[in-house]
Amino acid sequence: MKESLKFDCSKIFHFANESEVGALSTQAHEAFKALREGTCPGNDFLGWMDLPVQMTEAEIADIGKTAADLRTRTQVMVVIGIGGSYLGARAVIEALSNSFHYYGPASMKVIFAGHNISEDYYHELEAYLQDKEFGICVVSKSGTTTEPAIAFRLLRELLEQKVGRDEAGRRIVAITDASKGALRTLADREGYKTFVIPDNVGGRFSVLTPVGLLPIAIAGFDIRELLKGAAEMRVQCMEREGNIAMEYAMARTTLYRKGYVVELLANFHPKLHYMTEWWKQLYGESEGKEHKGIFPAGVDFTTDLHSMGQYIQDGRRMLMETVISVGRAEHEVVIPHDGDNLDKLNFLAGKRVDEVNKMAELGTRLAHVDGGVPNMQIFLPALNAFYLGQLIYFFELACGISGNLLRVNAFDQPGVEAYKNNMFALLDKPGYEEASKAIKEKLKV
Ligand code: PA5
C-alpha cells in the first residue's frame with residue numbers, strides 16, 4: 001500500500017481529554033457537511049474542493065506546454081503576485097528546490113515580485129534582470145491589486161525596452177479573471193497568453209489552479225503528481241473512514257476553546273519555510289474575523305529554538321504547536337569522526353545528520369508538551385510533489401471545517417481593505433477626497 005500523510009494528535013490529550021475533543025464531533029460533521037453541500041457562509045467560493053479531480057487533461061497539458069515554451073525563451077521567470085496569488089507557488093517551489101538554487105548556474109530560475117512595495121527591492125531586481133533573458137508570469141484575480149500592478153508596470157517596461165513589444169508579449173503570461181479587471185483588459189489588448197482563475201476559487205485556495213500550477217511547472221516540477229496527491233487526500237477525507245482533516249480541525253478548535261489561541265506551525269526543514277507562510281495566510285485570512293480566530297504563527301526549527309525556543313518552552317501558556325515531520329531525507333550525509341574531538345561530538349560520528357535532526361524534533365516535541373504546549377504532528381513520508389499535494393488539500397479542507405466550527409465566513413477577507421483605504425487616501429487617489437481630508441485631520445491630532 002502507498003504511504004500517505006498521517007496526522008497524530010495523541011499528545012494533546014494531556015491538555016484536552018478525548019471526550020472534550022469527541023464532544024465536537026457532531027458540530028465538526030455538520031461543519032464538514034455544510035462544506036460538501038455548499039450551505040455554509042461563503043458557499044460561492046467552494047470550487048477548491050473539487051479542483052484536484054476537475055482539472056482536465058487539456059488544461060494540464062496547456063500549462064505544461066506554456067511552461068516548456070517559457071523555459072526555452074527565458075532563463076529567469078519573474079512571478080508577480082501577492083497573498084494567495086503568490087504564496088502557494090512559492091511554498092511548493094521552495095519545498096522542492098535545491099536549497100542553493102538561487103546561487104548556482106541552474107538552467108531556469110523562478111523569482112518573485114509584486115509582494116512588497118520596497119523601492120530598493122525593485123532597484124535591485126531591475127539591475128539583476130538587466131543582463132538576463134527574462135519573462136513575466138503576472139497573477140492577480142482582481143487584476144487591480146496595487147503591489148503586483150506596480151511591479152508589473154516596472155518590469156513590463158524593462159522587458160519591452162530589452163526585447164521589444166512583440167517578444168515581450170510572447171514572454172508574458174497573465175493569470176487573472178475570465179472577463180473582469182485591468183489585467184484582463186491589458187492581456188486581451190496585448191494578446192498575452194492567459195489562464196483563468198475560476199470565479200468560485202478565492203486567492204488563498206488557488207494553488208491547485210494555474211495560479212500555482214504554472215509557476216511550479218515553469219520551475220520544472222511535476223504538477224500531475226501534486227494534483228494526484230491532492231486528489232488522493234480528497235478521497236481519503238471525503239470517501240473513506242477517518243477524515244484526518246476533520247480530526248485536525250477538531251483538535252485545534254478544542255484547544256482554542258480552552259484558551260490556546262496561538263498555533264505555531266513548526267518545521268525542521270528550511271525548505272518548508274514558505275509552506276508555513278502559505279499556511280499562515282490560509283488560516284489567518286480565513287479565521288481571523290469578528291474578533292475571533294486562532295492566530296497562526298510559524299517557526300523554523302532547529303533555527304528558531306535558539307531564538308523563540310525560550311518563549312515556547314517557558315512563556316505565557318497560550319500556544320499550541322503543529323509539527324510537520326518528514327520521514328526520509330533525500331540525501332545521505334554522515335557526521336565524520338574527529339581525532340581531536342574538541343567539540344566532544346564523536347558520539348555522533350557515523351550517524352546521519354537526519355538522525356540528529358529527528359532526535360532534535362522528538363526531543364523538542366516532548367519538551368514542549370512537558371512545558372505546557374499541546375502538540376500535534378503531521379507526518380509526510382518524504383518531501384515530494386505527491387505528499388505536498390496531500391498536505392495542501394489536508395490544510396485547505398481542515399481550514400474550511402475550522403472556519404465553519406468558528407462560525408465565520410472562511411472565504412472572504414473584508415479586513416484587508418482597511419490599510420488600502422488609508423493608503424489611497426494618503427496618496428490622494430481620485431475618488432478618495434473625503435477620506436483623504438479625514439485622515440489628514442486625524443494625523444494632525
Ligand atoms: O486570498 C486572497 O484572496 C488574497 O490574499 C488575494 O489572493 C491577494 O490579496 C491578491 O489578490 P489578487 O489576486 O486579486 O491580486
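Give the residue, chosen from R365, R407, that is touching a strand residue (DSSP E or B) at 6+ places or on another chain (Cβ under 9 Å) and either modelled with pLDDT under 95 or among the basic types (K, R) (or both).
None of the others qualify; the one that does is R365.
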Pair list, Cβ < 6 Å and 6+ apart or interchain, from the stretch 122-149 residues that are among the β-branched types (V, I, T) to residues that are in a strand (DSSP E or B)
I136/V78; I136/I172; V138/I80; V138/A174; V139/I175
Failed condition for I63, given (1) in contact with a Phe, Trp or Tyr (Cβ under 6 Å, 6 or more places away or on another chain); (2) buried (at least 17 other Cβ atoms within 10 Å of the Cβ)
(1)
Name every residue in the stretch 416-445 that is β-branched (V, I, T) and surrounded by fewer than 15 Cβ atoms within 10 Å (Cβ to Cβ), in order of residue number.
V416, V445
Please go through the stretch 64-84 and give me each residue that is within 16 Å of the ligand (Cβ to nearest atom) and in contact with an Asp or Glu (Cβ under 6 Å, 6 or more places away or on another chain), ordered by number.
I82
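Could you count how many residues in the stretch 31-83 are in a helix (DSSP H, G or I) and farther than 18 Å from S107 by Cα?
Within the stretch 31-83, the first condition is being in a helix (DSSP H, G or I), and the residues that meet it are 31-37, 43-45, 47-54, 57-73, 83.
With farther than 18 Å from S107 by Cα added as a condition, the list becomes 31-37, 43-45, 47-54, 57-63, 83.
The total comes to 26.
Can you tell me which residues in the stretch 197-256 are in contact with a strand residue (DSSP E or B) (Cβ under 7 Å, 6 or more places away or on another chain) and either part of a helix (DSSP H, G or I) or within 21 Å of A398 (Cα to Cα) (or both)? Please lay out each step first, then the result.
So in the stretch 197-256, the residues in contact with a strand residue (DSSP E or B) (Cβ under 7 Å, 6 or more places away or on another chain) come out as 197, 210-211, 214-215, 218-219, 244, 247-248, 251-252, 255.
Selection gives P210, V211, L214, P215, I218, I244, E247, Y248, A251, R252, L255.
Residue under question is V110, and the condition is that it be within 16 Å of the ligand (Cβ to nearest atom), of a type in the set (A, V, I, L, M), under 22 Å from R224 (Cβ atoms) and in contact with a strand residue (DSSP E or B) (Cβ under 7 Å, 6 or more places away or on another chain); does it hold?
Values: within 16 Å of the ligand (Cβ to nearest atom): no; of a type in the set (A, V, I, L, M): yes; under 22 Å from R224 (Cβ atoms): yes; in contact with a strand residue (DSSP E or B) (Cβ under 7 Å, 6 or more places away or on another chain): yes.
When the stated conditions are applied, V110 does not pass them.
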When the residues of the stretch 172-201 are narrowed to those that are of a type in the set (S, T, N, Q) and under 19 Å from F45 (Cβ atoms), which ends up farthest from the ligand (Cβ to nearest atom)?
S179
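The values are calculated or read from the model by the stated rules, or taken from the named source; none is laboratory data. Keep in mind the model is a prediction, meaning the values are calculated, not measured. Every residue, glycine among them, receives a Cβ derived from its backbone with ideal geometry; neighbour counts consider all protein chains shown.
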